[in-house]
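Notes for the one structure printed next.
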Amino acid sequence: MKKSVVAVLLLLLCALIAVFPLVMVKNSEFGGADGAAEEAVQKVDPDYEPWAESILEPPGGETESLLFCLQAGLGAGVLGFGFGWLAARKKYRNDEASQ
């Protein structure tokens, strides 16, 4: 198969993987580890009061999700750049050695 056909098929597969859970799963709520930890602490000690507060409270859940996604994207970009740099360094060293 041509590379463009493979690329289009892979993009469609990625879109299907992303959309399928959104369409098929009904009445689901996205919850993070912070909420689960708070519930667990409340079960163990209902009178517990946190001893620290956030310095900057995001205005809503969407902002928190956006910041998390930006953090994940930045981390993926740094890792991708690092692995690409290492692979290119190895390739160019091998090319220089063969000349």
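The values are calculated or read from the model by the stated rules, or taken from the named source; none is laboratory data. Predicted model, so just to flag it, every value in this text is computed and none were measured. Here the Cβ is made from the backbone with ideal geometry for all residues, glycine too, and neighbour counts use every protein chain on show. All accessible areas refer to the heavy atoms of the entire protein, side chains included, with ligands and DNA or RNA removed. Shrake-Rupley method; radii C 1.70, N 1.55, O 1.52, S 1.80 Å.
Key figures
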| read-out | value |
| --- | --- |
| Exposure rank, largest accessible area first [Ser98, Ser4; 1.4 Å] | Ser98, Ser4 |
| Total charge dipole magnitude, the chain, about the Cα centre, Cβ charges on Lys, Arg, Asp, Glu only, Debye to nearest 20 | 1400 |
| With every protein chain in place, the chain: carbon and sulfur % of accessible area (1.4 Å) | 66 |
| Residue-normalised accessible area of the chain, given per residue in Å² at a 1.4 Å probe | 98 |
| Entry for mean projected area of the Cα convex hull in nm² (calculated from the structure that is shown) out of [x] 7.0; [y] 13.2; [z] 6.1 | [y] |
| Protein-only accessible surface order, largest first, of Trp85, Trp51 at 1.4 Å | Trp51, Trp85 |
| Folded to 0 to 90 degrees: helix 61-98 orientation relative to the chain principal axis, Cα | 20 |
| Positive-pole candidate from Leu67, Val78, Ala88, dipole of region 60-99, charges at beta carbon | Ala88 |
| Acute angle (nearest 10 degrees) that the helix 3-24 long axis makes with the longest principal axis of the chain, alpha-carbon atoms | 10 |
| Helix-only mean residue ellipticity at 222 nm for the chain, each DSSP H run of n ≥ 4 adding -39500 (n - 2.57), per residue, nearest 500 | -25500 deg cm²/dmol |
| Rounded accessible area of Val44 (nearest 10 Å², 1.4 Å probe) | 130 |
